[in-house]
Amino acid sequence: MSESRAPRILVLNGPNLNLLGTREPDIYGHETLSDVQELCARTAAAAGYETEFLQSNHEGVLIDAIHAARGNVAGIVFNPGAFTHTSVALADAIAGVELPVVEVHISNVHKREAFRHHSYISPVAAAIIVGAGVNGYALGVQQLIQLDTRG
Ligand code: DQA
């Protein structure tokens, strides 16, 4: 008998987000990346979805994860960290796999330094959530589920 797998969402985090909870808590808050993982899993489960979770400090690992997601997940919630502002390669990877990507930033990058105002990811993102704290990840999961289920 074939087992049907729950639809999946990839939650991807870029550089320095492993330090969440202790890194500049005045900007990023006190919740850790495992709190974020739990929040995403809970939000997805409420709609019958599962999450895969990956954090890497390495651009190539993130690119490989985006490539591997093709055909395997309904979409990607992606906080690219500082690569947001530098990486043409990540933008090309997203454009290449044709999966919906919700770009998430915990902080309101537009209130911060000018170099954080430009994103290479935004032009290839299905939606952008900025400044909602870690709840932005849950909003991202919900948005991808809505995109997936409305067909
Ligand atoms: C961030 C904002 C980026 O500018 C920064 O480099 C990060 C985190 C955010 O979640 O607010 O690492 O993506």
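The values are calculated or read from the model by the stated rules, or taken from the named source; none is laboratory data. It should be emphasised that the depicted structure is a prediction, and the values quoted were computed from it without experimental measurement. In this analysis, Cβ positions are derived from the backbone assuming ideal geometry, glycine residues included, and neighbour counts consider all displayed protein chains.
If only residues of segment 70-97 that are within 16 Å of the ligand (Cβ to nearest atom) and β-branched (Val, Ile, Thr) are counted, the one that is farthest from residue 108 (Cα to Cα) is 94. Just to be sure, is residue 69 touching a residue at least 12 places away in the same chain (Cβ under 8 Å) and either buried (at least 21 other Cβ atoms within 10 Å of the Cβ) or hydroxyl-bearing (Ser, Thr, Tyr) (or both)? For residue 69, the condition - touching a residue at least 12 places away in the same chain (Cβ under 8 Å) and either buried (at least 21 other Cβ atoms within 10 Å of the Cβ) or hydroxyl-bearing (Ser, Thr, Tyr) (or both) - is met. Of all residues in segment 111-124, exactly one satisfies the criterion of being surrounded by 13 or more Cβ atoms within 10 Å (Cβ to Cβ), in a helix (DSSP H, G or I) and near the ligand (Cβ under 9 Å from one of its atoms), namely 116. When 132, 127 are checked against the criterion of being away from the ligand (no atom under 13 Å from the Cβ) and at pLDDT 95 or above, 127 stands alone in meeting it. Within segment 91-110, restricting attention to residues that are among the charged types (D, E, K, R) and not in a helix (DSSP H, G or I), the residue that is modelled with the highest pLDDT is 103. Within segment 21-49, the only residue that satisfies the criterion of being of a type in the set (Lys, Arg) and under 13 Å from residue 142 (Cβ atoms) is 42. Those residues that are closer than 30 Å to residue 26 by Cα and either basic (Lys, Arg) or touching a His at 6+ places or on another chain (Cβ under 9 Å) (or both), I need them from segment 133-151; list them, please. Answer for segment 133-151, where residues must be closer than 30 Å to residue 26 by Cα and either basic (Lys, Arg) or touching a His at 6+ places or on another chain (Cβ under 9 Å) (or both): just 136. Tell me yes or no: at least one residue of segment 24-38 is surrounded by fewer than 18 Cβ atoms within 10 Å (Cβ to Cβ), at positive phi and out of contact with any helix residue (DSSP H, G or I) (no Cβ under 6 Å at 6 or more places or on another chain). Yes, segment 24-38 contains a residue that is surrounded by fewer than 18 Cβ atoms within 10 Å (Cβ to Cβ), at positive phi and out of contact with any helix residue (DSSP H, G or I) (no Cβ under 6 Å at 6 or more places or on another chain).
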